[in-house]
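Down below is the structure, laid out as structure tokens.
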Amino acid sequence: MDAAKNFLVAASILSADFSRIAEAVKLIESSRADWVHLDVMDGSFVPNLTFGPKMVSDVRPLTLLPLDVHLMIDRPDRIIPDFAKAGADHIIFHLEGNVHVNRIIHQIRELGPKAGISIVPSTPVALLSEVLDLVDVILIMTVNPGFGGQELIPECLEKVRTLDRLRSEQGYGYLISVDGGINRSTVAEVRSAGTDVLVTGSSFFRASNPAEEVRIFKGARPG
Ligand code: DX5
Ligand code: ZN
């Protein structure tokens, strides 16, 4: 099953050198990753700060690859229009801390981008039940968000198995994305749980050959 499925790789610029973002984006392209993942952090929802919509608008002309924007911020509804205008293709926000999740999903859709929802490791997957038919992407965090280079929490993959099963039983159309701690040792288990999109930060940018890393993530044998 692994060999037949076309896994998508989303490379996160969080682990790139922020003073050389254009080179990082070119490396993502030349390594044949599928999406550019942009981790937006506000120093409140998560204990780290990164960048806002300007990074998305600066990256936009550098590539035709989809820009996968992961908002780890409070009150995403206030700034989602700016990310849409900046050229985000997917806008993923967190369930946690948002009462009007249904409204935010529709807000994103009406602005144009695909809508995604994410949950942190301590949030049960059952809390997504009312939006499974509304979202394009579900991003399961396999580390506590805020930093690259952490270890994957394997228990989180049970949520991926559940979402994959519900998708085949009910015919939902979402893609399942997994974010945090994916590397050569963990990627096979992540794939077999039913994931479609593999987010990679440190394993991609620290690799001596990032293109080889992408091939391995997609299921090729190291060689
Ligand atoms: C973490 C971010 C991730 C991060 C993953 O809060 O959401 O996208 O870049 O980095 P690695 O692959 O190093 O765990
Ligand atoms: Zn992310």
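Here are some notes:
- Residues that are open to solvent by 70 Å² or more (accessible area, probe 1.4 Å) and within 16 Å of ligand 1 (Cβ to nearest atom) within the range 43-73 comprise 44, 47, 49, listed in sequence order.
- Pairing each residue of the range 135-150 that is closer than 21 Å to residue 104 by Cα with any residue that is open to solvent by 10 Å² or more (accessible area, probe 1.4 Å) and more than 12 Å from ligand 2 (Cβ to nearest atom), provided the two are 6+ apart or on different chains, yields C-beta distances under 7 Å for 136/114; 136/175; 137/114; 137/175; 140/159; 141/121.
- Scanning the range 1-17 for residues that are of a type outside the set (Phe, Trp, Tyr) and either farther than 15 Å from residue 69 by Cα or surrounded by fewer than 20 Cβ atoms within 10 Å (Cβ to Cβ) (or both) returns 1, 2, 3, 4, 5, 6, 8, 15, 16, 17.
- From the options 127, 111, residue that is open to solvent by 10 Å² or more (accessible area, probe 1.4 Å) and touching a Leu at 6+ places or on another chain (Cβ under 9 Å): 127
- Restricting the range 164-223 to residues that are more than 16 Å from ligand 2 (Cβ to nearest atom) and aromatic (Phe, Trp, Tyr), the residue that is surrounded by the fewest Cβ atoms within 10 Å (Cβ to Cβ): 172
- Any hit, the range 85-97, residues being open to solvent by 10 Å² or more (accessible area, probe 1.4 Å) and free of Cβ contacts under 8 Å to residues at least 24 places away in the same chain: no
- Any hit, the range 142-149, residues being modelled with pLDDT of 95 or more and more than 15 Å from ligand 2 (Cβ to nearest atom): no
- Residue within the range 18-28 that is in a loop (DSSP other than H, G, I, E, B) and either farther than 27 Å from residue 196 by Cβ or open to solvent by 50 Å² or more (accessible area, probe 1.4 Å) (or both) present: no
The values are calculated or read from the model by the stated rules, or taken from the named source; none is laboratory data. The shown structure was predicted, so the numbers you read here are calculated from the model rather than taken from an experiment. Counting neighbours? That spans all protein chains shown, and the Cβs are built from the backbone with ideal geometry, glycine included. Please note that ligands, DNA and RNA were not included when accessible areas were found on the heavy atoms of the full protein model with its side chains. Shrake-Rupley method; radii C 1.70, N 1.55, O 1.52, S 1.80 Å.
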